[in-house]
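Have a look at the structure below before the remarks.
Only the coordinates and a few stated rules stand behind these numbers; no lab work does. Not measured: the values here are computed from a predicted model. Glycine also receives a Cβ, built like all others from the backbone with ideal geometry; neighbour counts cover every protein chain displayed.
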Amino acid sequence: MKIGICEKIQGEISMTLRKAERNDLVRVMEITRAVVPLMQAAGNTQWSDAYPSLSRFAMDCDNGSLYVFEEDGVLRGFVVVDDDHPKAYDDIGWEVPRTKSAAMHRMAVDPGSQGKGFAGHMVKSVESMLVDAGYLGIHTDTSLENGKMQYLFEKQGFEFRGRLHLDENEDDWYVAYEKVFKMGE
């Protein structure tokens, strides 16, 4: 099922964000396995061979929160968007309360498609979907070491909201970002 987020870019290229289906999971895992070594080589250990797993993505798919981003029918990336704000978010000074914002997790673009604007288009498509659904903002986080995601968030108008721990490792810092939607624009 397409959710109506399509863009025509440079004439004939069509980019679409849609809810993932079970048959997309093979490609989602291919992208995951391709980005993990690149993340780790950059000093970012947020993802590993064990996380995120096929079973995690299958749960995301089954509950309708896994979205895939396609260009002319080719799956280029994915993102999880839901109302599941981690408990650690309670300590962050958000502008928009969790009840009026969605949480964005587990986002990646195929390494062969990186640097071409797909991540930015994916975030804009998520934002459009959420505005249409009545949300007032997005909450998200990434590893302190994940400079690429921090850059993407800031480029897309997200604001840094603080640092947090998402697990028991007190040396493992994450950074929280929020995008507040400007209604009526």
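So here's what we get for this one:
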| read-out | value |
| --- | --- |
| Debye, to nearest 20: dipole size of the chain, +1 on Lys, Arg Cβ, -1 on Asp, Glu Cβ | 520 debye |
| Residue of Pro86, Pro52, Pro37 that the Gaussian network model of the chain assigns the largest fluctuation, springs spanning Cα pairs under 10 Å | Pro86 |
| Over 21 Å (Cα to Cα) - which of Lys87/Lys124; Lys87/Lys155; Lys124/Lys182; Lys19/Lys87; Lys87/Lys179; Lys116/Lys155 fall in this group | Lys87/Lys124; Lys87/Lys155; Lys19/Lys87 |
| Sorted by Cβ density within 10 Å, fewest first, the residues Asp60, Asp132, Asp84 | Asp132, Asp84, Asp60 |
| The chain: most fluctuating residue of Lys124, Lys87, Lys19 per GNM, C-alpha cutoff 10 Å | Lys87 |
| Paired Rg and Dmax values of the chain, which use every Cα atom, in angstrom | 15.7, 49 |
| P(r) histogram, all alpha-carbon pairs of the stretch 60-148 included - 10 Å bins from 0, percent | 15, 46, 33, 6, 0 |
| Residue with peak Gaussian network fluctuation, the chain [Cα springs, cutoff 10 Å], from Arg163, Arg98, Arg22 | Arg22 |
| Residue order, fewest to most surrounding Cβ atoms within 10 angstrom, among Thr45, Thr32, Thr99, Thr140 | Thr99, Thr45, Thr32, Thr140 |
| Span-like helix ranges in the chain, DSSP H, alpha carbon extent 18 angstrom or more, Kyte mean at least 1.0 | 25-41 |
| Ratio of the Cα radius of gyration of the stretch 15-81 to 2.2 N^0.38 Å, where N counts its residues | 1.10 |
| Full-stretch length increase - Ser55, Lys100 - with 0.36 nm per residue and alpha-carbon distance subtracted | 13.4 nm |
